[in-house]
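Each remark here refers to the structure printed beneath this line.
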Amino acid sequence: MSLTIDTHHHMLPEFFFQATNEKANPVGGLKPQAWSIEGSLAFMDKVEIDIAVTSISTPGIELPDRLASKELARKCNDFAASLIAKYPRRFGAFAGVPMPNIDDAIEEACYGLDVLKLDGVVLFTNSQGIYLGDQRMKPLFKELQRRKTVVFIHPNASPDPIAHELGLTDNLIDFPSDTTRAIAQLHYGKTFAETPDVKYIVSHAGGTAPYLAGRFAIVDEMKIMGDSSATGTAAESFRRLYWDTALAWSDPVLHTLRHIAGLDKVLFGTDFPYLRKDLAVKGMSIIQTNHELSAVEKKQVFAGNALELFPRFRSL
């Protein structure tokens, strides 16, 4: 079988989950399977995944105590580096950063990238209500641009309390919507334009953004968000983003991604350990049997596109 790389694969060591989630009320509404290194490897072997690029999950690292946030981020990143050192042919990792303090986030991103040599940085759509496209985030993105970083954007729960009063789990609608909010603000707030060398991966096929691509185009055509000369059009931003298939592997989604981004920008992802093994196998099968994708395109989705982002994996 061809190489398979999972770019949406969470590591949830107990020290991280205890510090960031209430066991009876996990962020997003879905309690993940208990995580362990052995569990990740068993899942990968079952689903026939060769390499997984790990990341922490919701809500990221945004503890009320600043020092505790810094210490948790460092502990997570050192743990990720040790995982790669022990299993260099099986794992990569995105560095987590403490938010929303930008100085601390920059310091930890530099440590994760420069010292630990991790494969990129995971950022969450919002941290305590501050979205990635906020002007206060610009210094962090300036550093990420300088390093030509791969940035994995993962959803977080909306800061709007009304969104949590509808009796709906956050991961049903709110997570995809928050991803779309972040993409829109990063585009119209000029962050994408100011970071041409950053490679962005958006989770879950970009939330609702692919479905709204035509609406973005009308907004641009009518100049509702201003002249696009500084930002480029949303369509141009969509074509530079990478989109993962975690919980978003159906034929209509892949058809839409082909149209708005190109299949050379689609990455395979599972969302382990939130996704059951049988559903991960089903998702992989749906991609493998998709009649619109050629054999070459399927290889691109499962690994080829990821190898362009993470060239060190080529030697593996």
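For the chain, set up a Gaussian network in which alpha carbons nearer than 10 Å are linked by springs, and say which option among Thr179, Thr233, Thr270 fluctuates the most.
Greatest mean-square fluctuation among the candidates belongs to Thr233.
Can you compute the modelled spin-label distance between Ser36 and Glu236, with each label point 7 Å from Cα toward Cβ, in nm?
About 5.2 nm separates the two model spin labels.
Along the principal axes of its C-alpha atoms, what lengths does segment 222-294 span, in descending order and rounded to whole Å?
47, 28, 18
Once you order the gyration tensor axes a ≥ b ≥ c over the Cα atoms, which shape class does segment 188-316 get: rounded for a/c under 1.5, otherwise prolate or oblate by comparing a/b with b/c? Could the numbers behind the result be given before it?
Details: a/c = 2.13, a/b = 1.62, b/c = 1.31.
Prolate, since a/c reaches 1.5 and a/b exceeds b/c.
Applying a 10 Å radius around every beta-carbon, put 224-231, 60-67 in order of their mean neighbour count, most first.
60-67, 224-231
Test of understanding: express the Cα radius of gyration of segment 138-228 as a ratio to 2.2 N^0.38 Å, with N the residue count.
1.20
So how long is each side of the chain along the principal axes, counting just the alpha-carbon atoms, biggest first, in Å?
Computed over the chain, the largest-to-smallest principal extents equal 53, 50, 43 Å.
Which peptide among 191-200, 299-308 comes first, and what is the full order, when sorted by highest mean count of other Cβ atoms within 10 Å?
Top of the packing list down: 299-308, 191-200.
For a quick check of your reading of the filter: which trypsin sites (Lys or Arg not before Pro) in segment 211-246 sit in a DSSP loop and have no more than 10 other Cβ atoms within 10 Å?
Lys223
Quick query: amide H of Phe272 versus all other amide H atoms, modeled in the peptide plane; which residues come in under 5 Å with a sequence gap of 5 or more or a different chain?
His10
Hydropathy at least -1.0 by Kyte-Doolittle, axial extent at least 18 angstrom from the Cα trace: which helices of the chain, defined as entire DSSP H runs, fit?
66-86, 174-188
Which GluC sites (Glu not before Pro) in segment 72-168 sit in a loop by DSSP (not H, G, I, E or B) and have at most 15 other Cβ atoms within 10 Å of their own Cβ?
Glu165
For a paramagnetic label modelled at 7 Å from the Cα of Ser315 toward its Cβ, which residues of segment 39-69 fall within the zone defined by backbone nitrogen distances under 18 Å?
51-52
Starting from the coordinates of the alpha-carbon atoms of segment 22-133, obtain the Kirkwood hydrodynamic radius over all distinct pairs and give the value in Å to one decimal. Mind showing how you got there, number by number?
Values: mean 1/r = 0.0669 Å⁻¹.
Taking every pair of different Cα atoms in segment 22-133, averaging 1/r and inverting gives 14.9 Å.
Have a look at the DSSP beta bridges in the chain and tell me what percent are antiparallel, nearest 5.
Once the DSSP bridges in the chain are tallied, antiparallel ones form about 10 percent.
Along the charge dipole of the chain, which of Leu307, Gly129, Pro32 sits closest to the positive end, that is, farthest toward it, with unit charges on the beta carbon of Lys, Arg, Asp and Glu (+1, +1, -1, -1)?
Highest projection toward the positive end goes to Leu307.
Sort out for me the Cα centre separation of segment 88-136 from segment 261-276, rounded to whole Å.
About 20 Å separates the Cα centre of segment 88-136 from the one of segment 261-276.
With the radius of gyration and the Kirkwood radius both derived from the Cα set of segment 267-310, what is their ratio Rg to Rh?
1.01
Placing +1 at every Lys and Arg Cβ and -1 at every Asp and Glu Cβ, with all other atoms neutral, what dipole size does the chain have around its Cα centre, in debye to the nearest 20? Don't skip to the answer; put the middle values down first.
Numbers: 33 positive and 38 negative charges, 141 e Å.
That gives a dipole near 680 debye.
Just how far, in whole angstrom, is segment 27-79 from segment 154-190 if you go by their alpha carbon centroids?
Result: 21 Å between the Cα centres.
For segment 288-316 and segment 217-238, compute the distance between their C-alpha centroids and round to whole Å.
Their Cα centres are 30 Å away from one another.
So, with +1 on the Cβ of K and R and -1 on the Cβ of D and E, and no other charges, what is the size of the charge dipole of segment 37-150 about its Cα centre, to the nearest 20 debye?
Its charge dipole is roughly 300 debye.
Of the candidates Leu166, Leu140, Leu41, which one comes out as most mobile in a Gaussian network treatment of the chain with C-alpha springs shorter than 10 Å?
Greatest mean-square fluctuation among the candidates belongs to Leu166.
Putting +1 on Lys and Arg Cβ atoms and -1 on Asp and Glu Cβ atoms, find which of Ala85, Tyr188, Ile56 reaches farthest to the positive end of the dipole of the chain.
Ala85
Under the rule of -39500 (n - 2.57) per DSSP H run of 4 or more residues, summed and divided by the residues of the chain, what mean residue ellipticity at 222 nm is obtained, to the nearest 500 deg cm²/dmol?
Value at 222 nm, helices only: -11500 deg cm²/dmol.
All of the numbers you see were taken from the coordinates with simple rules; none came from a lab. Treat the numbers as computed from the prediction; the structure is a model and nothing was measured. We place every Cβ from the backbone using ideal geometry, glycine too, and count neighbours over all the protein chains shown.
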